[in-house]
Amino acid sequence: MLYHRYLAEARSRRALTNVTSAQIAEALDIDPTQVRKDLGSIGLRGRGRVGFDAAAVADAVRHVLGFDRTNLAIVVGAGHLGGALIAYGGFARYGLRIVAAFDSDPAKTGKELAGCPIRHTRGMRAFITKYRIRLAILATPAEGAQKVADRLVSAGIKAIWNFAPTRLALPKGVAVRDEHISLGLAQLAHYLTD
């Protein structure tokens, strides 16, 4: 992931045609030998003093990370955080396409947010099954998150990106990534206390 981020940023700032393992290593504070090994493990070979074709490295890393494939996702919870996630346009470059949002609030359902339809949570299972959705983004309050996660898993969801401020208990075979925004804030607040 670090390689992808570095290459994307470097290529957006300037016309980068070649990149060396030393350049990548310096930018990411890792050993150049490790960079060569990592890139070699995905079939890339650099040329002495020239390095690697930057576009080929970027494409290979995107492929290994799965960013060259589109993953359809839903957002559960169309409040402020869910709405911000839906409206964020940068997910597409990582192969993520949010196709619908779900909420239990009747005042929100039937509307659109950034072009994304908001549906009632009663219809989640049918939608997930019909469109073969495997990824859900959870942006609900903590108190309802586990129950919603259980419903998502029973409907066939295989990965949950959890923005609810709680830890989820999920069965084996279901990936979860917890994003604790308050934890990040606490770390920064602690840093500022001296």
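The values are calculated or read from the model by the stated rules, or taken from the named source; none is laboratory data. Nothing here was measured: the structure is a model prediction, and the numbers come from that model. Every residue, glycine as well, gets a Cβ built from its backbone with ideal geometry; the counts of neighbours run over all protein chains shown.
Quick one: is residue 19 touching a Gly at 6+ places or on another chain (Cβ under 7 Å), more than 30 Å from residue 150 (Cβ to Cβ) and buried (at least 16 other Cβ atoms within 10 Å of the Cβ)? I'd like the intermediate steps shown before the answer.
Numbers: touching a Gly at 6+ places or on another chain (Cβ under 7 Å): yes; more than 30 Å from residue 150 (Cβ to Cβ): yes; buried (at least 16 other Cβ atoms within 10 Å of the Cβ): yes.
Answer is yes for this residue.
Against the conditions (1) at negative phi; (2) among the charged types (D, E, K, R); (3) out of contact with any helix residue (DSSP H, G or I) (no Cβ under 6 Å at 6 or more places or on another chain); (4) at pLDDT below 85, where does residue 26 fall short? Just the number, please.
Failed condition: (4).
Could you pull out every one of the helices (runs of 4 or more DSSP H) wholly within the stretch 1-59 that has 3 or more residues that are among the charged types (D, E, K, R)?
Values: elements: 2-13, 21-28, 32-41.
Because the criterion is at least 3 residues that are among the charged types (D, E, K, R), the helices (runs of 4 or more DSSP H) in the stretch 1-59 that meet it are 2-13, 32-41.
Test of understanding: among 130, 111, 172, 158, which residue is under 22 Å from residue 88 (Cα atoms) and out of contact with any helix residue (DSSP H, G or I) (no Cβ under 7 Å at 6 or more places or on another chain)?
Numbers: 130 fails: under 22 Å from residue 88 (Cα atoms); 172 fails: under 22 Å from residue 88 (Cα atoms); 158 fails: under 22 Å from residue 88 (Cα atoms).
Exactly one residue qualifies, and that residue is 111.
Hey, residue 139 hits all of (1) closer than 20 Å to residue 100 by Cβ; (2) out of contact with any Leu (no Cβ under 8 Å at 6 or more places or on another chain); (3) not hydroxyl-bearing (Ser, Thr, Tyr) but one; which does it fall short on?
Residue 139 satisfies every listed condition except (2).
For residues that are farther than 18 Å from residue 152 by Cβ and buried (at least 17 other Cβ atoms within 10 Å of the Cβ), scanning just the stretch 95-123, find the one that is nearest to the chain's Cα centre (by Cα).
Out of the qualifying residues, it is 113.
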